[in-house]
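The values are calculated or read from the model by the stated rules, or taken from the named source; none is laboratory data. What you see is a predicted model, and the numbers here were worked out from it, not measured in a lab. Ideal geometry is used to build each Cβ from the backbone, glycine not excepted, and the neighbour counts take in all protein chains shown.
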Amino acid sequence: MIVIDSDHLSILQQNRSPQLSRLLAAMDQSVDTDFATTAISLEEQMRGWLAAINRTREVIDQPRYYARLTGLIDFYSRWQVIPFDESAAEMFLAHRQAGVRIGTMDLKIAAICLSKNSLLLSANLRDFEQVPGLRVENWLK
């Protein structure tokens with residue numbers, strides 16, 4: 001299984017990024033065709049649009065943010081979304097106790113990938129390469 005992080009997902013969502021064709025070609029050429037994302041990536045993006053709605057004081061300005069929120073729900077409905085389960089939580093705690101110091105959300109994503117023995121696609125190699133045993137690649141280059 002290949003897990004796609006938020007930065008790669010956002011390229012797929014934009015549908016007009018110059019990196020889109022590179023990412024789609026790499027996905028097409030991949031031997032592993034089981035692509036998924038995480039509940040953590042969903043949470044990050046969902047929180048972003050909910051915050052935008054809450055910051056917008058004028059009701060007349062809110063429909064565009066609600067449209068983006070419903071678009072996000074539609075986008076994720078077409079993906080396998082891997083939960084942050086007990087196995088991932090145990091991996092998270094073990095790595096935190098071992099001294100891995102990356103962001104909480106990134107470590108949760110890493111823990112999910114480790115618990116599923118999955119490759120992670122992310123442009124954030126600097127942080128994810130600090131997690132022992134995690135396989136991570138950037139397909140946007």
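Here are the numbers for this structure:
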{"quantity": "Sole exception among (1) loosely packed, with under 14 Cβ neighbours inside 10 Å; (2) touching a residue at least 12 places away in the same chain (Cβ under 8 Å); (3) assigned to a helix (DSSP H, G or I); (4) of a type in the set (G, A, S) for A25, by number", "calculated": "(2)"}
{"quantity": "Restricting segment 107-141 to residues that are charged (D, E, K, R) and farther than 15 Å from L93 by Cα, the residue that is modelled with the lowest pLDDT", "calculated": "K141"}
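Rundown of residues vs (1) surrounded by 13 or more Cβ atoms within 10 Å (Cβ to Cβ); (2) of a type in the set (V, I, T), yes/no style:
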position: R68; (1), (2): yes, no
position: L72; (1), (2): yes, no
position: R78; (1), (2): no, no
position: P83; (1), (2): no, no
position: E86; (1), (2): no, no
position: Q97; (1), (2): no, no
position: V100; (1), (2): yes, yes
position: L107; (1), (2): yes, no
position: C113; (1), (2): yes, no
